[in-house]
Amino acid sequence: MSFSTTLVSPIHLADAASPCGTNDGISCDLAWRLTHNETVSDLATVLVGRPLSILVLVVGGLAIRWLAARLIARMIARIASGPLNERRQVRARTMGSLVLSIATTVIVFVVSLMVIDELGYSIGPIIASAGVVGLAIGFGAQSLVKDYISGMFMIFEDQYGVGDSVDLGTATGTIEAVGLRVTRLRDVHGTVWYVRNGEILRVGNMSQSWARTVLDVPVGYDADLDHVRSVLRSVAHEVWEDPMFVGAVIEEPEVWGVEALAGDVVTVRVTLKTAPGEKARVARAMRERIKARFDIEGIVMPHLGARPFGPPPTS
């Protein structure tokens, strides 16, 4: 009995005297069991244990980021399928890039905190400092935060996309780029406008689904309105059936009739439902053909004191 106690006791004493703490890992325990040397155990922790743990954390973070990218790509592919494929794909790619950026930032932040903790530093003060800094940035850069939040909602809600003709209130033109902070568009004169997303209070999109070409045609009081309507209907029908405008005019044009009476001018309105982006081309063709047909039919358009016929003025 005494002999047995003598054999077991050194092992227990060696285990009790182990310098390895709970955070030193298996490498320290293994080195201590093999050598019973405190210096070797510390070196094993510093040179093997911690680098290996950090490597595992980094590889694990990369694996999680890869898995997140695969899941996001699969989600984006599902969203992009279906009607309006091209537009849906552009929007889906933008959303995918945004979500992946957010996921990458979160993963890097969490892995960094775990690595710092593995190195033996307390992460409590770091988290507290990050919260204070974030609060200070939030108060000091409210307009920037507002721009980013507005940009995220604009992208998710698909208010507009690259190539759309829009009226943003502060600027009107064709969208060239949509970012989280600013939207870039170019007007008809070639001027490039950079509009902060937080300043956009309303969006008029002329490129979603369909557009409408509205022409107000002025004629004299002595004109035969039945004849005028017949001519306008004939010209619009010719444009609709013209091979050059297949797909541009998507419904049978309509002559709505007399829109206004002013002075010695009677305004007759004709409308054509067009594909997005085709409104201006159809309007130019209609003006040219109306002028040519009126000359043939002997319909006189007022010259002085009349507004040039075209789309109605916007307020």
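The values are calculated or read from the model by the stated rules, or taken from the named source; none is laboratory data. Because the structure is predicted, anything quoted here is derived from the model rather than measured. Heads up, the Cβs are rebuilt from the backbone with ideal geometry, glycines too, and the neighbour counts pull from every protein chain shown.
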Those residues of the stretch 168-221 which are assigned to a loop (DSSP other than H, G, I, E, B) and within 30 Å of Phe294 (Cβ to Cβ) amount to Val188, Met206, Trp210, Tyr221
Please indicate, with yes or no, whether at least one residue in the stretch 200-213 is buried (at least 16 other Cβ atoms within 10 Å of the Cβ), aliphatic (A, V, I, L, M) and over 27 Å from Ala248 (Cα atoms).
-> yes
Give the stretch 148-174 a look and list any residue that's more than 11 Å from the chain's Cα centre (by Cα) and buried (at least 20 other Cβ atoms within 10 Å of the Cβ), or say none.
-> Asp164, Ser165, Val166, Leu168, Gly173
Restrict the check to the stretch 188-199 and report whether at least one residue is of a type in the set (Gly, Ala, Ser) and either touching a residue at least 24 places away in the same chain (Cβ under 8 Å) or more than 30 Å from Val249 (Cβ to Cβ) (or both).
-> yes
Checking Val231, Val235, Val268, Val249 in turn, the sole residue that is in contact with a Lys or Arg (Cβ under 9 Å, 6 or more places away or on another chain), surrounded by 18 or more Cβ atoms within 10 Å (Cβ to Cβ) and at pLDDT below 90 turns out to be Val249
Residue check for Arg93: closer than 23 Å to Arg186 by Cα, touching a Gly at 6+ places or on another chain (Cβ under 9 Å) and at pLDDT below 80 = no
Got at least one residue in the stretch 255-274 being closer than 22 Å to Gln208 by Cα and either assigned to a loop (DSSP other than H, G, I, E, B) or among the aromatic types (Phe, Trp, Tyr) (or both)?
-> no
Apart from one, (1) buried (at least 16 other Cβ atoms within 10 Å of the Cβ); (2) over 30 Å from Glu252 (Cα atoms); (3) at pLDDT 85 or above; (4) not polar (S, T, N, Q) all hold for Val178; the odd one out is (3)
